[in-house]
Amino acid sequence: FDLQPGESKTVTIETNYRGFFSALVIIIIILVVIYVLTKREIDIRKKIVSIKKDSDGSSTIKISISVKNKGLTKLNNIKVMDRVPSLVEVPHEFGTAHPKITHGPHGIQLIWDITVLNPKEERIFSYMAKSKLQVIGKATIPSAVAKYTKGKRSLVVSSNPEHS
């Protein structure tokens, strides 16, 4: 448009941010839902506490498994499972809780049941296992697994395999 001397024209520019903020709110809601669905309330860690070499050429390994409730609510009916390879004898000298021991094709399975784990509570399970082979250098042991239910979903959390 052309303006003549002494004329004025008012130009109004309106920017609608509703679409931007709507998309931002939807993205935030999606991220919160993904976080809630993938968040694990349990932290499980497995580690080799000590390795003692015996005179007969075998090794005695002390293994510790810690299970911690990182959430803000108590968790019920947790199963902690650990697998011991076939080259290891049946574990002995358990800590405070004795597991249910089953024998399978891949070795020995140890299962501890935790009926209630309160918020921020931690349980530690330990046992001694005698390896038929002498451990030289680094030893790798299988991961421990914790299974629990949250609402109607069954969740599984694995520990990292331990190297010592």
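The values are calculated or read from the model by the stated rules, or taken from the named source; none is laboratory data. Not measured: the values here are computed from a predicted model. So basically every Cβ, Gly included, is an ideal-geometry build from the backbone, and we count neighbours across all protein chains shown. Heads up: the accessible areas ignore ligands, DNA and RNA and are worked out on the full protein's heavy atoms, side chains in. Shrake-Rupley method; radii C 1.70, N 1.55, O 1.52, S 1.80 Å.
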Provide a single number: the residues in the range 53-63 that are more than 15 Å from residue 92 (Cβ to Cβ) and in a strand (DSSP E or B).
1
Out of everything in the range 135-164 that is assigned to a loop (DSSP other than H, G, I, E, B) and open to solvent by 90 Å² or more (accessible area, probe 1.4 Å), what residue ends up being modelled with the lowest pLDDT?
136
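Return yes or no: is residue 50 part of a strand (DSSP E or B), of a type in the set (Gly, Ala, Ser) and either more than 20 Å from residue 151 (Cα to Cα) or touching a residue at least 60 places away in the same chain (Cβ under 8 Å) (or both)? If you could, list the steps in order and put the result at the bottom.
Numbers: part of a strand (DSSP E or B): yes; of a type in the set (Gly, Ala, Ser): yes; either more than 20 Å from residue 151 (Cα to Cα) or touching a residue at least 60 places away in the same chain (Cβ under 8 Å) (or both): yes.
When the stated conditions are applied, residue 50 passes them.
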Residues in the range 24-34: is at least one closer than 15 Å to residue 129 by Cα and out of contact with any helix residue (DSSP H, G or I) (no Cβ under 7 Å at 6 or more places or on another chain)?
no
Quick check: is even one residue across the range 20-39 open to solvent by less than 80 Å² (accessible area, probe 1.4 Å) and not in a helix (DSSP H, G or I)?
yes
